[in-house]
Amino acid sequence: MTAAALAGEPSAIYGAGDLGSAEFAVVAGIMQSDARIHLTEAKKTLVHSRLSRRLRAHGLASFRDYVRLVQADPAERAAMVVSLTTNHTHFFREEHHFDHLRSTAMPWLQDRARHQPVRIWSAGCSSGEEVYTIAMCLLGEDPSAAAWLRQGDVRLLATDLSPPVVEATRRGVYSASIVEPVPAPYRNAWMRRVGNDYQMADEARALVTARVLNLFGPWPMRRQYDVIFCRNVMIYFDDAAKAELEERFVQMLAPGGYLYIGHSERLIGPAAARMRSCGHTTYQKPAGSVA
Ligand SMILES: C[S@@+](CC[C@H](N)C(=O)[O-])C[C@H]1O[C@@H](n2cnc3c(N)ncnc32)[C@H](O)[C@@H]1O
């Protein structure tokens, strides 16, 4: 839908503050092209509520005017995309992945770290709870168990489309209620109290690099990754986008590496045939794989 097409529609059919189907179609088209996020009409109420804040911020009375603004202003277009992302996350979410990480992936990573760099990626990291959960699992409950990390070249990359959540990941500061799911030994070892909040310890933050990255843009990383977490992100994409992303993840994984996806997700594209299922929503790229 173009601005000209919208201009042909009588404003009288939209009450101020209503999100008409034409405007919704423009918003959905932008989400699809810029983030591959697939919005169906079922999401209209959610879109209405989130974009109402953007309308108010710009002093606009109608979605029609807001859509015109978005079409004319790339910065507002980007802000709209960010405002329509869902950033729900928490520490130790889907704990079975962290059990698998500690019991199965970690011995392999520790062995690798003796000879080569180890790279782990939280793709769609939101505000960082996922990547710091990974960091705490690697660091262990007792700081003396973290020697292998200090001696090796181990780095965790956390990326997200949304700049505010990437900034929150960099800060690594969380309220007491957010920190509640973190078992006490990890909290005592790797978090410190700052006023009413908790900050991730320097050693945990030093492992993590947080970057803004659209998963459907170029990936600047030069080497393959040993572990990729991409959980509760692909649910927002259509099947073609999921299959494309899965293929890129499989190529990005080192042979023997692990991919963790969200509890309601499964690999659906041709990439599934190249991965070995090794637990609920947990996959391994076979050690002999070439790509
Ligand atoms: C529901 S959160 C999941 C956070 C975490 N992985 C977890 O499972 O708790 C989904 C995240 O994916 C990000 N996201 C959505 N589309 C994206 C895209 N095209 N590129 C990068 N990140 C995207 C959102 O900004 C959001 O922070």
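Measure off 7 Å from each Cα along the Cα-to-Cβ vector at Asp153 and Asn87, then give the distance between these two points in nanometres to one decimal.
Here the modelled spin labels are 3.3 nm apart.
How would you classify segment 79-227 from its alpha-carbon gyration tensor, with a ≥ b ≥ c the square roots of the eigenvalues: rounded for a/c under 1.5, else prolate if a/b is greater than b/c, otherwise oblate? Please list the in-between numbers first.
On the way: a/c = 1.79, a/b = 1.13, b/c = 1.59.
It is oblate, given that a/c is not under 1.5 and a/b is not larger than b/c.
Determine, from the Cβ-Cβ distance of Arg171 and Asn214 and an R0 of 22 Å, the FRET efficiency 1/(1 + (r/R0)^6), rounded to the nearest 0.05.
0.55
Taking every DSSP beta bridge that has both residues in the chain, what percent is antiparallel when rounded to the nearest 5? If you can, show how the numbers build up before the last one.
Values: 13 of 32 bridges.
Just about 40 percent of them are antiparallel.
What distance in nm separates the simple spin-label points at Asp99 and Arg192, each placed 7 Å from Cα in the Cβ direction?
Roughly 3.4 nm, to one decimal.
Can you tell me how much longer the chain between His115 and Ala25 gets when fully stretched, taken as 0.36 nm per residue apart minus their C-alpha distance, in nm with one decimal?
Working: separation 90, 0.36 × 90 = 32.40 nm, distance 5.22 nm.
Full extension from His115 to Ala25 adds 27.2 nm.
Net charge within 10 Å of Pro117 by Cβ-Cβ distance, Lys/Arg positive one each and Asp/Glu negative one each, not counting Pro117 itself?
That sum, taken over residues with Cβ under 10 Å, equals +2.
On a straight-distance basis, which aspartates and glutamates could pair with Lys44 in a cross-link, Cα separation under 13 angstrom, same-chain partners fewer than 8 positions away excluded?
Asp18, Glu23
Provide Rg over Rh for the chain; use the alpha carbon set for both Rg and the Kirkwood Rh (inverse mean inverse pair distance). Write down the numbers at each step before the final one.
Values: Rg = 21.2 Å, Rh = 20.6 Å.
Ratio value, two decimals: 1.03.
How far apart, in nm, are two points set 7 Å out from the Cα along the Cα-to-Cβ line at Glu141 and at Thr45?
About 4.4 nm separates the two model spin labels.
Take the alpha carbon gyration tensor of segment 135-184, find the square roots of its eigenvalues, order them as a ≥ b ≥ c, and report rounded if a/c is under 1.5; if not, report prolate when a/b exceeds b/c, else oblate. Spell out each step's value before the answer.
On the way: a/c = 3.26, a/b = 1.32, b/c = 2.48.
Oblate is the answer for segment 135-184, as a/c is 1.5 or above yet b/c matches or exceeds a/b.
Need the C-alpha centroid separation for segment 199-250 versus segment 72-87, integer Å.
20 Å
Karplus couplings for segment 240-248 from phi (6.51 cos²θ - 1.76 cosθ + 1.60, θ = phi - 60°), rounded to Hz, Gly and Pro as x?
With the stated coefficients, segment 240-248 comes to 5, 5, 4, 5, 4, 5, 4, 4, 5 Hz.
For segment 215-291, what is the Kirkwood estimate of the hydrodynamic radius, computed as the reciprocal of the mean inverse distance between distinct Cα atoms, to one decimal in Å? Could the numbers behind the result be given before it?
On the way: mean 1/r = 0.0803 Å⁻¹.
Roughly 12.5 Å, rounded to one decimal.
Going by amide H atoms built from the backbone, whose H comes under 5 Å of the H on Arg211, apart from near neighbours?
Under 5 Å from the amide H of Arg211: Ala158, Thr159, Asp160.
Taking only protein heavy atoms and a 1.4 Å probe, what accessible area per residue, in Å², does the chain have with all protein chains in place? Kindly include the intermediate steps, with their values, before the conclusion.
Details: 12970 Å² over 291 residues.
Solvent-accessible surface per residue comes out at 45 Å².
Could you pull out every one of the lysines with an alpha carbon less than 29 Å from that of Lys285, ignoring same-chain neighbours closer than 8 positions?
Correct list for Lys285: Lys242.
For the chain, give the percent of accessible area contributed by carbon and sulfur heavy atoms, probe 1.4 Å, rounded to a whole number.
Working: 6900 of 12970 Å².
Using a 1.4 Å probe with all protein chains present, the chain comes out at 53 percent carbon and sulfur.
Tell me the relative contact order for the chain as a rounded percent, counting alpha carbon contacts under 8 Å between residues six or more apart. Spell out each step's value before the answer.
Numbers: 440 pairs, mean separation 45.0, N = 291.
Relative contact order for the chain comes out at 15 percent.
The values are calculated or read from the model by the stated rules, or taken from the named source; none is laboratory data. Just so we're clear, the structure is a prediction, and the values are computed from it rather than from any experiment. For neighbour counting, all protein chains shown are included, and Cβ atoms are generated from backbone atoms with ideal geometry for every residue, glycine included. Heads up: the accessible areas ignore ligands, DNA and RNA and are worked out on the full protein's heavy atoms, side chains in. Shrake-Rupley method; radii C 1.70, N 1.55, O 1.52, S 1.80 Å.
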